[in-house]
Amino acid sequence: MRRLIDNGDAPAKKKPPIGHYGHLRKAYLEGYRPDLYTALVASETLYEHCAEIEAAVRRRLDLIIPQLAEGAGATEELKAADPMQWVGLMNTCKAQAEEIVKFELIYV
């Protein structure tokens with residue numbers, strides 16, 4: 001006799017990683033936007049929301065960091081001539097970009 005009941009052996013859809021920025025968004029929602037957090041949990045879309053925020057932040061960082069680096073003078077020539085100064089400038093640009101995206105996408 002064939003089983004007509006679905007036994008749940010179908011492969012589950014792989015979820016995208018939440019990552020650092022997704023976790024920051026989740027913590028912000030829990031602490032400062034409890035109504036929205038509860039609504040996302042109740043509708044079972046919190047994970048997807050956090051994954052979307054993670055992806056959006058990564059895309060935005062990929063746009064902002066090169067612009068800030070160009071403005072700061074972190075060129076390939078500087079990288080060859082003075083790597084330590086270049087690393088310092090790039091770290092500063094990354095920190096500035098992270099602050100921008102936190103206030104644009106995470107803490108809203």
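Computed from the coordinates by the stated procedures, all read-outs in this text should not be read as laboratory data. Note that this is a predicted model, so its numbers are computed, not measured. Cβ: placed from backbone, ideal geometry, glycine included. Neighbour counts: every protein chain shown.
One table, with the values for the structure above:
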item: Output for the range 64-78, where each listed residue is surrounded by fewer than 12 Cβ atoms within 10 Å (Cβ to Cβ) and either within 16 Å of residue 24 (Cα to Cα) or touching a Leu at 6+ places or on another chain (Cβ under 8 Å) (or both); result: 73
item: Index of the failed condition, residue 14 passing every other in (1) outside any loop (DSSP other than H, G, I, E, B); (2) charged (D, E, K, R); (3) exposed (fewer than 11 other Cβ atoms within 10 Å of the Cβ); result: (1)
item: Qualifying residues in the range 79-96 (those that are among the aliphatic types (A, V, I, L, M) and surrounded by 16 or more Cβ atoms within 10 Å (Cβ to Cβ)) - the one farthest from residue 19 (Cα to Cα); result: 89
item: Selection count, the range 57-89, where residues are free of Cβ contacts under 8 Å to residues at least 24 places away in the same chain and assigned to a helix (DSSP H, G or I); result: 21
item: Tally, over the range 29-63, of residues that are crowded, with 17+ Cβ neighbours inside 10 Å and hydroxyl-bearing (Ser, Thr, Tyr); result: 1
